[in-house]
Amino acid sequence: MYFLYLYIMHLNILLKKYLAIIICVLFAHIGFSAFRNSEILKEEIAKYNSQGQYNESIIRLDQIIHDKKSTNYALYNAYLQKYLTYKSLLNYPQAEENLNIAEKYGLKNKQHIKEIKTRILVERIFIEFDHLRFIEVDQLLKKIVREDLSTLDPETHAFFISVLGTDQARKKNFEKAIEEYQLAIDILEKNNPKHLPNIYRKLINIYSDIGDEEKSMQAFEKGIYYAKKYNMDLYIYNMYDSLSYHYAKFKKWEKAYETRVILAELSTKLDAINQSGKLQILEQEIQNNRSNLEIRNQKNIKIFLFIISFFLIVLIIVIYKLYQTNKEKRILVENENQRMRDKLTELSNQISNKNNISKHNADRLSERQTEIVNLVKKGLTNKEIAEQLFISENTVKYHLKSIYTLLGIDSRNSL
């Protein structure tokens, strides 16, 4: 018994161990699936935005946001992509609003909490940095845990490092700034080279500030190459904007003016403010359509419920009528059955009395009459009975008439 107890305890420990492994694998699979879906969404929205199809981005994200099956993590990623879409159009109020909503849903997801907190914090640093609020940037940078940066996707990680580089450049630590920019370039070259112009434009500015015209132009050539290769209109604009700064820094006013003309043409094509306004109108239209659809659905539901209620009432009335009818029929059937039982009892008594009388009279039959009765029961005719008893047929008829009278019957069949 002791060894059996030890065996059961050992088996229990093994079961718990393997169960824990299965649960860990399951959650890891779910986590990987959620991460994979977020990456697919990110690539899809980035593709729309890079082609200037911002309407498609908003419509796609709206589908996820209003899908009742969407998890908190899916909603977090959808609002994060909306934030990035509006931010790329320089609509910071709308961008920050979506970032706040993304944070609300993200904090409900405990599985990716470190990744979400780090990403939200980094995006807030980007916003403050874009607004040149460097005091706020410094305060937020103190909250960054360097180890947590590994949870960021390579693109965001590279952008964060470029912010550190710009922060160093602002403090006149140019060598450290260039080192940070080069680290960001290395990350993007391996993972997402289409965003390299965003780093090269910063190198243009820093090389212009330190007076290295050659390296500044090299940075422009590399940056404009990637911007045109991936057809990134915003980055093309930014590269020429930095080039304009470069020419102004080196007092090449004619080339600076030519660059400003190019920028004016690109600005008309880019039209970020107008695009942002169109997106907000689109969102309002989507919301209005959804509200109208909801109103129609509510109205249809009310009509449907009214029809169902009406038919239920009619059905209840019909069932009640059928119940009443069946009840009346049952009562009539029961009364008829009782009448039939009484009649059968009466007939049974009459037959019983008659049988008793017949039995009593049968005892009064003579020997010859008894013989005739037995022969009739055998199915013999009057003639056959007469031949067998050696009497005349008329004598047989006479005896039968006497038998009928004595037994109270009127036919051969009754006998």
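The values are calculated or read from the model by the stated rules, or taken from the named source; none is laboratory data. Computed from a predicted model, the values in this text were never measured in an experiment. Here the Cβ is made from the backbone with ideal geometry for all residues, glycine too, and neighbour counts use every protein chain on show. The area values use the complete protein model at the heavy-atom level, side chains included, leaving out ligands, DNA and RNA. Shrake-Rupley method; radii C 1.70, N 1.55, O 1.52, S 1.80 Å.
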Exercise for review: Answer yes if at least one residue in the range 155-178 is in contact with a Ser or Thr (Cβ under 9 Å, 6 or more places away or on another chain), without any contact (Cβ under 8 Å) to a residue 40 or more places away in the chain and of a type in the set (Asp, Glu), and no otherwise.
Suggested key: no
Review point. Is it true that some residue in the range 397-406 is open to solvent by 50 Å² or more (accessible area, probe 1.4 Å), modelled with pLDDT under 85, not aliphatic (A, V, I, L, M) and not in a helix (DSSP H, G or I)?
Key: no
Review point. Among the residues of the range 208-221 satisfying the criterion of being touching a His at 6+ places or on another chain (Cβ under 8 Å) and of a type outside the set (Asp, Glu), which is farthest from Gln53 (Cα to Cα)?
Key: Ser208
**Study point:** Residue among Glu97, Glu123 that alone is among the acidic types (Asp, Glu) and within 17 Å of Leu140 (Cβ to Cβ)
**Key:** Glu123
Review point. What residue, among those in the range 378-396 that are in a helix (DSSP H, G or I) and hydrophobic (A, V, I, L, M, F, W, C), is surrounded by the fewest Cβ atoms within 10 Å (Cβ to Cβ)?
Key: Leu389
Point to revise | Search result, residues across the range 326-358 that are within 22 Å of Ile409 (Cβ to Cβ), at pLDDT 70 or above and not hydrophobic (A, V, I, L, M, F, W, C) | key: Glu346, Ser348, Asn349
Practice item. Provide a single number: the residues in the range 205-226 that are open to solvent by 40 Å² or more (accessible area, probe 1.4 Å) and of a type in the set (Val, Ile, Thr). Key: 1
Review point. Within the range 191-203, is there a residue that is surrounded by fewer than 19 Cβ atoms within 10 Å (Cβ to Cβ), without any contact (Cβ under 8 Å) to a residue 24 or more places away in the chain, outside any helix (DSSP H, G or I) and not β-branched (Val, Ile, Thr)?
Key: no
Review point. Within the range 222-251, can you find the residues that are assigned to a helix (DSSP H, G or I), under 16 Å from Ser50 (Cα atoms) and among the hydrophobic types (A, V, I, L, M, F, W, C)?
Key: Ile224, Ala227, Leu234, Ile236, Met239
Practice item. Would you mind telling me which numbered condition in (1) modelled with pLDDT of 85 or more; (2) surrounded by fewer than 10 Cβ atoms within 10 Å (Cβ to Cβ) Thr268 fails? Key: (1)
Exercise for review: Report whether or not Leu140 is among the aliphatic types (A, V, I, L, M) and closer than 22 Å to Asn98 by Cβ.
Suggested key: yes
Check your understanding: So Glu294 fits all but one of (1) open to solvent by 90 Å² or more (accessible area, probe 1.4 Å); (2) modelled with pLDDT of 80 or more; what number is the exception?
Key -> (2)
**Study point:** the range 80-111, subset over 16 Å from Ile127 (Cα atoms) and at pLDDT 90 or above, residue surrounded by the most Cβ atoms within 10 Å (Cβ to Cβ)
**Key:** Gly106
Review point. How many residues, within the range 153-177, are part of a helix (DSSP H, G or I) and out of contact with any helix residue (DSSP H, G or I) (no Cβ under 8 Å at 6 or more places or on another chain)?
Key: 1
Exercise for review: Go through Glu128, Glu123 for me and flag whichever is in contact with an Asp or Glu (Cβ under 8 Å, 6 or more places away or on another chain) and modelled with pLDDT of 90 or more.
Suggested key: Glu128
Check your understanding: Any idea which of Glu180, Glu128 is among the charged types (D, E, K, R), part of a helix (DSSP H, G or I) and buried (at least 20 other Cβ atoms within 10 Å of the Cβ)?
Key -> Glu180
